[in-house]
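The values are calculated or read from the model by the stated rules, or taken from the named source; none is laboratory data. Model, not experiment: these values are computed from the prediction. Cβ: placed from backbone, ideal geometry, glycine included. Neighbour counts: every protein chain shown.
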Amino acid sequence: MSERYSRQELFAPIGEDGQIQIRKASIFILGAGALGSSGAEMLVRAGVGRVTIVDRDIIEWTNLHRQQLYTEQDVIEQLPKAVAAEKRLTAINSDVAVTGIVVDVTQQNVLDLMTGHDLVLDATDNIETRLLANDAALKLGIPFFMGACVGSYGLTFPIGIQDNQPCLHCILETLPSQTLTCDTVGVISPIVVTTAARQVADVLKYITRIPFEPKLESADLWTGDRASIGVASMKKAGCPSCSENAVYPFLSARESMKTAVLCGRDTVQLSWPTSRKFELIPFAESIRGSVSKLIHNPHLVACEYNGHRIVLFRDGRMLVHGTKDVVTARNIAARLLG
Amino acid sequence: MKRTIELNGNRYDMPAEVGNVQELLGHLELAERIVIVEMNRDILAKDAYDLPINDRDQIEIIHFVGGG
Ligand SMILES: [Zn+2]
């Protein structure tokens, strides 16, 4: 098997020494959807030592056009993504210790899950979890390779690469009331692969100890737009997530989403922290094409989505009717709100 | 006067009604989004979005999205 990585070792910046570093690397992949599939496959083929991949979701037909680890049979068997991912990744490279964990990553479990890994690859589908992972990675002192994409557009930002660089919390001055998601504006697979490729290139540079400047970068494969912004000046001296006196607010209960199953009502209530402001009319407009029976008034937006009645209140609460499962409800919220 | 800028690496003819950065964000339907704007290599603070855009300015805009 010694020639397995020969073409990668022949690439001079990596070389045999780089391959040894790659082999030692232990990677945490947050999400086994599109970016997670693509990034995990590249890293496993590259021959990293260990991969832990976590996801709360099961595989659906609507995933197959872009989530490259999965097959029709996985949908028919209703397999959790983490389970199918572990199986496929192990089949690709049995040298790698792959662990798939079916779990909803929250402030209660994020540190336990990430501990023991050298870095975190972002493949989540919503900004709440990204900020949670940003705090967790900063607290553990490991880098977090952010990536996100919808439509034909994607962005990447490696965090924790240099001492004096801003974190995700520094550059998000205010929390978005909602972000575009793959379930509201769609997505094409080329941007998934491009975004994951940029993340993994940065990961390989990091684990083979090649210095590089962490930049916020974006690409739109449909319009040809591209941007690369050196955001070093956005480092905030008093950032609650990355300054010397960091309190990691997204790891504390106050800044995290709260969930409650409303007894006897077959309904889950999700409550966001007060720092997240909701603008009802832009939200209603953004989901118009994805939902039915849309109603909005100054107090709430209501609609039907995938057989669930959804109500978002102005004060940052969402009711998801037709389920007692918190994970299902959080999933729907992530799809509509990002 | 016709203004042609470089926007995210591409040539972009400024619509006549767009005068400043805030109006450009509105025109691009990014006003409601979380964005980072760089103008002629400097990152703009939110309170500088009323800066007028001139011919041959170089602007890069990155907006945050949820998916993955
Ligand atoms: Zn910070």
Would you mind stating whether A:C149 is facing another protein chain (nearest Cβ under 9 Å) and more than 20 Å from A:I229 (Cβ to Cβ)? no
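Conditions tested, residue by residue: (1) surrounded by 18 or more Cβ atoms within 10 Å (Cβ to Cβ); (2) outside any strand (DSSP E or B).
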site: B:P15; (1), (2): no, yes
site: B:L24; (1), (2): yes, yes
site: B:E29; (1), (2): no, yes
site: B:E32; (1), (2): yes, yes
site: B:I36; (1), (2): yes, no
site: B:D50; (1), (2): no, yes
site: B:N54; (1), (2): no, yes
site: B:I61; (1), (2): yes, no
site: B:V65; (1), (2): yes, yes
Within the group A:Q199, A:Q165, which residue is within 14 Å of chain B (Cβ to nearest Cβ) and either over 16 Å from the mean Cα position of the chain (by Cα) or without any contact (Cβ under 8 Å) to a residue 12 or more places away in the chain (or both)? A:Q165
Count of residues meeting criterion [under 14 Å from A:L30 (Cα atoms) and touching a strand residue (DSSP E or B) at 6+ places or on another chain (Cβ under 7 Å)] in region A:86-128: 18
Within 11 Å of another protein chain (Cβ to nearest Cβ) and modelled with pLDDT under 95, is that true of A:E77? no
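So that you can scan it fast, the table gives a plain yes or no per residue for (1) over 12 Å from A:L336 (Cα atoms); (2) assigned to a helix (DSSP H, G or I):
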residue: A:R254; (1), (2): yes, yes
residue: A:Q269; (1), (2): yes, no
residue: A:T274; (1), (2): yes, no
residue: A:S290; (1), (2): no, no
residue: A:K293; (1), (2): yes, no
residue: A:P298; (1), (2): yes, no
residue: A:E304; (1), (2): no, no
residue: A:R309; (1), (2): yes, no
residue: A:L312; (1), (2): no, no
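Within region A:247-260, work out how many residues are within 15 Å of A:T106 (Cβ to Cβ) and modelled with pLDDT of 80 or more.
The number of residues fulfilling the criteria is 9.
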If we scan region A:237-245, do we find a residue that is away from the ligand (no atom under 16 Å from the Cβ), part of a loop (DSSP other than H, G, I, E, B) and more than 9 Å from chain B (Cβ to nearest Cβ)? no
For A:P273, indicate whether it is within 15 Å of A:Q107 (Cβ to Cβ) and within 16 Å of the ligand (Cβ to nearest atom). no
Please verify whether A:N109 is away from the ligand (no atom under 16 Å from the Cβ), more than 15 Å from the chain's Cα centre (by Cα) and under 28 Å from A:Q78 (Cβ atoms), treating the condition exactly as stated. yes
Only one of A:V231, A:V192, A:V185 that is in the same structural domain as A:I14 (by TED's automatic domain parsing), away from the ligand (no atom under 16 Å from the Cβ) and in contact with a Leu (Cβ under 7 Å, 6 or more places away or on another chain): A:V192
